[in-house]
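Just below is one structure, and these are the notes that go with it.
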Amino acid sequence: MKLLQMAAALGCELVGDPEIEIRGVAGMEQAGPGDLTFLANPKYAHKVKHTRAGAILVTEPVRGISIASLLSANPYLDFARALELFYTPPRPPVGIHPLAWVAASARIGEGASIGPFVAVGENVVLGRNAVLHPSVVIYEGAQIGDDFYAHSHAVVREFCRLGHRVTLGNGAVVGGDGFGFARQADGRHYKIVQSGVTVIEDDVEIQALCSIDRATVGETRVKRGAKLDSLVQVGHACVVGEDNILCAQVGLAGSSILEKNVLLAGQAGISGHLTIHDNAVVYAQSGIGGDVEAGAVMSGSPAFEAATWRRAVTAFPKLPELLKTMRDLAKRVTELEKATQRNHA
């Protein structure tokens, strides 16, 4: 594809040779003369002079370097769009594989692709253009919208409801039992029936080995546009808000509420029955034990305001030295007090 054609496809302004042939996209370190690369973060601008890429997506031309540029308001987004010009994931053929089992009462929308060893339970409703890879299981009564895409071993449990354009990664479980037990007088645990459901709204992606528990009563809900990285655990009766990002190994205890545009970095842990308000950011490995204000940036365990946390972390390695200094000062003060007492005597 000529660079001029790519600029037109992406809606970018071209600076440089329009006849450069672009055959693929790559990161700056790996790109060759036939590749398009990108610069999204200005702190990496120094790497541009070392790249061998034929062209680069940037917000403004890079000074002092003669490389063709596509000027973009959002280079990272347009890089993602450029990838789609060169790679389309394979899609299985339409139809139900003879080794799949689909209940007679299930309603399957047109254009569905159902692979071998898939099981679709009684009274399931599956929208148009669904793709179910081998060994996907859809339990009884589940309702799923159009353009559903489930990778191998994904599971949707009974009576759960999924919207349109939902993607489930390998081994993801939607609607598994919430972790609910009542302690009996003899110390044994009595299982509480998990009678609620899990609801996944439109345009949600849930990646590999995530678990989104059903509610004890009522529902667990993941709202429109949320993206959950691998190994995320969402406890019963939680609400994951619109356009949330939950990175790998995040855990939400039951009845946590996340409002819009919340970002939880890897391994963040959220205790139950609290609210994280709009646009809050929680740094990796942080432990949240209470409500978080809108727009707050939190870090640490227990977590507190990130700017203060950074100063505290900087000071932490110096604590042994500071402690020694304080002990030395305390010793000197004691000696001075004793000397003063002797002088008075």
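The values are calculated or read from the model by the stated rules, or taken from the named source; none is laboratory data. Computed from a prediction, not measured in an experiment: that's the story for all the values here. Please note: Cβ atoms are built from the backbone with ideal geometry, for glycine as well, and neighbour counts cover all protein chains shown.
Under 7 Å between Cβ atoms, at least 6 apart or on separate chains: pull out the pairs that start in the range 300-319 with a residue that is among the polar types (S, T, N, Q) and end on any residue that is modelled with pLDDT of 90 or more.
Partner pairs satisfying both residue conditions: S301/Q285; S301/S286; S301/G287.
Please state which one of G169, G175 is of a type in the set (G, A, S), farther than 20 Å from G115 by Cα and buried (at least 18 other Cβ atoms within 10 Å of the Cβ).
G175
Return a yes/no flag: does the range 149-170 have any residue that is of a type in the set (G, A, S), in the same structural domain as V222 (by TED's automatic domain parsing) and over 24 Å from the mean Cα position of the chain (by Cα).
No: the range 149-170 contains no residue that is of a type in the set (G, A, S), in the same structural domain as V222 (by TED's automatic domain parsing) and over 24 Å from the mean Cα position of the chain (by Cα).
Read through the list (1) in contact (Cβ under 8 Å) with a residue 60 or more places away in the chain; (2) surrounded by fewer than 18 Cβ atoms within 10 Å (Cβ to Cβ), then give the number of the only condition that R188 fails.
In the conditions (1) in contact (Cβ under 8 Å) with a residue 60 or more places away in the chain; (2) surrounded by fewer than 18 Cβ atoms within 10 Å (Cβ to Cβ), R188 misses (1) alone.
So G27 fits all but one of (1) exposed (fewer than 13 other Cβ atoms within 10 Å of the Cβ); (2) part of a loop (DSSP other than H, G, I, E, B); what number is the exception?
It is condition (1) that G27 fails.
Mind telling me which of the residues A106, A53 ends up being touching a Ser or Thr at 6+ places or on another chain (Cβ under 6 Å), of a type in the set (G, A, S) and either at pLDDT 95 or above or more than 29 Å from I144 (Cα to Cα) (or both)? If you could, list the steps in order and put the result at the bottom.
Details: A106 fails: touching a Ser or Thr at 6+ places or on another chain (Cβ under 6 Å).
Among A106, A53, only A53 is touching a Ser or Thr at 6+ places or on another chain (Cβ under 6 Å), of a type in the set (G, A, S) and either at pLDDT 95 or above or more than 29 Å from I144 (Cα to Cα) (or both).
Out of all the residues in the range 225-271, which are aliphatic (A, V, I, L, M), buried (at least 18 other Cβ atoms within 10 Å of the Cβ) and not in a loop (DSSP other than H, G, I, E, B)?
The answer is L228, V234, V239, V240, L246, L252, I257, L258, L263, L264, I270.
Kindly indicate the residue of the range 97-131 that is over 23 Å from G163 (Cβ atoms) and aliphatic (A, V, I, L, M) and also surrounded by the most Cβ atoms within 10 Å (Cβ to Cβ) among those meeting that condition.
Restricting to residues being over 23 Å from G163 (Cβ atoms) and aliphatic (A, V, I, L, M), the top hit is A100.
Scan the range 132-176 for residues that are among the β-branched types (V, I, T), more than 16 Å from A226 (Cα to Cα) and in a loop (DSSP other than H, G, I, E, B) and jot them down.
Scanning the range 132-176 gives a single hit, V136.
Criterion first (free of Cβ contacts under 8 Å to residues at least 12 places away in the same chain and in contact with a strand residue (DSSP E or B) (Cβ under 6 Å, 6 or more places away or on another chain)) does A154 satisfy it? I'd like the intermediate steps shown before the answer.
Values: free of Cβ contacts under 8 Å to residues at least 12 places away in the same chain: no; in contact with a strand residue (DSSP E or B) (Cβ under 6 Å, 6 or more places away or on another chain): yes.
It is false that A154 is free of Cβ contacts under 8 Å to residues at least 12 places away in the same chain and in contact with a strand residue (DSSP E or B) (Cβ under 6 Å, 6 or more places away or on another chain).
So A294 ticks every box in (1) farther than 25 Å from E140 by Cα; (2) in a strand (DSSP E or B) but one. Which box is left unticked?
Single failed check for A294: (2).
Checking the condition over 24 Å from the mean Cα position of the chain (by Cα) and of a type in the set (V, I, T), which residue from V125, V136 passes?
Being over 24 Å from the mean Cα position of the chain (by Cα) and of a type in the set (V, I, T) holds for just one of V125, V136, which is V125.
Among the residues in the range 79-99, are any within 30 Å of F159 (Cβ to Cβ), of a type in the set (A, V, I, L, M) and assigned to a loop (DSSP other than H, G, I, E, B)?
For the range 79-99, residues within 30 Å of F159 (Cβ to Cβ), of a type in the set (A, V, I, L, M) and assigned to a loop (DSSP other than H, G, I, E, B): present.
Could you please give the count of residues in the range 188-215 that are in a loop (DSSP other than H, G, I, E, B) and under 22 Å from the mean Cα position of the chain (by Cα)?
Here the count works out to 10.
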